[in-house]
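What follows is a set of notes on a single structure, which appears directly below.
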Amino acid sequence: MSSQQLKHVDEALLDRPGKQPAPKDTKDHGISLLTIIGFMFLTFNSGMAVYRSNGDLGAISFVGFSYVDLVSLFYCLRWYESTPPESPRRGHLKMAVWLLTTMLTAAFSYKVAAIMPFPVQVLVWSMAGATVLGGFYAFFLHREGTKE
């Protein structure tokens, strides 16, 4: 492109507004059939895992914790999405989502690392730590549009 053409492109870009307003959400926020089926599947599998644990308190606790954590996570995510962007509740919900995902990551990392040799344990915990720290950065520290 010639410099004259680039100048016209730059001027056209400058005339556009920086951010377009978000379109109004007109969707019904009811619970979908797919969501109900997903929760039924999660509940059934959790129940089967408890049944097959043969009374192992550690396994039952892990399944119960994972189930409650996942249900709470989905509830908080749904609540977060329906909260207005300027609401202070949004920050609290973002923190709750990060904590719930962190706890789930730690629980699954603990279970996986328990059956692995030491070098792989280090790798599992390193990946879990990177995931948790990356999520913290993305949720709380990164600001869009701050290119320098």
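Residues in the range 68-90 that are of a type outside the set (Lys, Arg), surrounded by 13 or more Cβ atoms within 10 Å (Cβ to Cβ) and over 30 Å from residue 50 (Cα atoms): 80, 83.
Please go through (1) in contact with a helix residue (DSSP H, G or I) (Cβ under 9 Å, 6 or more places away or on another chain); (2) surrounded by 14 or more Cβ atoms within 10 Å (Cβ to Cβ) for residue 99 and return the number of the only condition it doesn't satisfy. Among (1) in contact with a helix residue (DSSP H, G or I) (Cβ under 9 Å, 6 or more places away or on another chain); (2) surrounded by 14 or more Cβ atoms within 10 Å (Cβ to Cβ), residue 99 violates only (1).
When only residues in the range 1-59 that are more than 30 Å from residue 77 (Cβ to Cβ), surrounded by 10 or more Cβ atoms within 10 Å (Cβ to Cβ) and not charged (D, E, K, R) count, which is modelled with the highest pLDDT? By that ranking, first place goes to 8.
Can you work out which of the residues in the range 88-113 that are more than 20 Å from residue 65 (Cα to Cα) and assigned to a helix (DSSP H, G or I) is nearest to the chain's Cα centre (by Cα)? Explain how you work it out, then say what you get.
Taking the range 88-113 as the starting set, the residues that turn out to be more than 20 Å from residue 65 (Cα to Cα) are 88-92, 94.
Narrowing the set further to residues that are assigned to a helix (DSSP H, G or I) leaves 89-92, 94.
Numbers: 89: 17, 90: 14, 91: 14, 92: 14, 94: 9 Å.
Checked the range 88-113; the qualifying residue nearest to the chain's Cα centre (by Cα) is 94.
Are any residues in the range 29-82 among the charged types (D, E, K, R) and outside any loop (DSSP other than H, G, I, E, B), and if so, which ones?
If we filter the range 29-82 for residues that are among the charged types (D, E, K, R), which is where we start, we get 52, 56, 69, 78, 81.
Of everything in the range 29-82, those that are among the charged types (D, E, K, R) and outside any loop (DSSP other than H, G, I, E, B) turn out to be 52, 69, 78, 81.
Number of residues in the range 42-60 that are more than 23 Å from the chain's Cα centre (by Cα) and closer than 21 Å to residue 109 by Cβ: the value is 7. All of (1) of a type outside the set (Gly, Ala, Ser); (2) more than 24 Å from residue 41 (Cβ to Cβ); (3) assigned to a helix (DSSP H, G or I) hold for residue 116 with one exception: (3). Whether a residue is out of contact with any Lys or Arg (no Cβ under 9 Å at 6 or more places or on another chain), surrounded by 13 or more Cβ atoms within 10 Å (Cβ to Cβ), polar (S, T, N, Q) and without any contact (Cβ under 8 Å) to a residue 60 or more places away in the chain was assessed, and residue 109 passes this test.
The values are calculated or read from the model by the stated rules, or taken from the named source; none is laboratory data. It should be emphasised that the depicted structure is a prediction, and the values quoted were computed from it without experimental measurement. Glycine also receives a Cβ, built like all others from the backbone with ideal geometry; neighbour counts cover every protein chain displayed.
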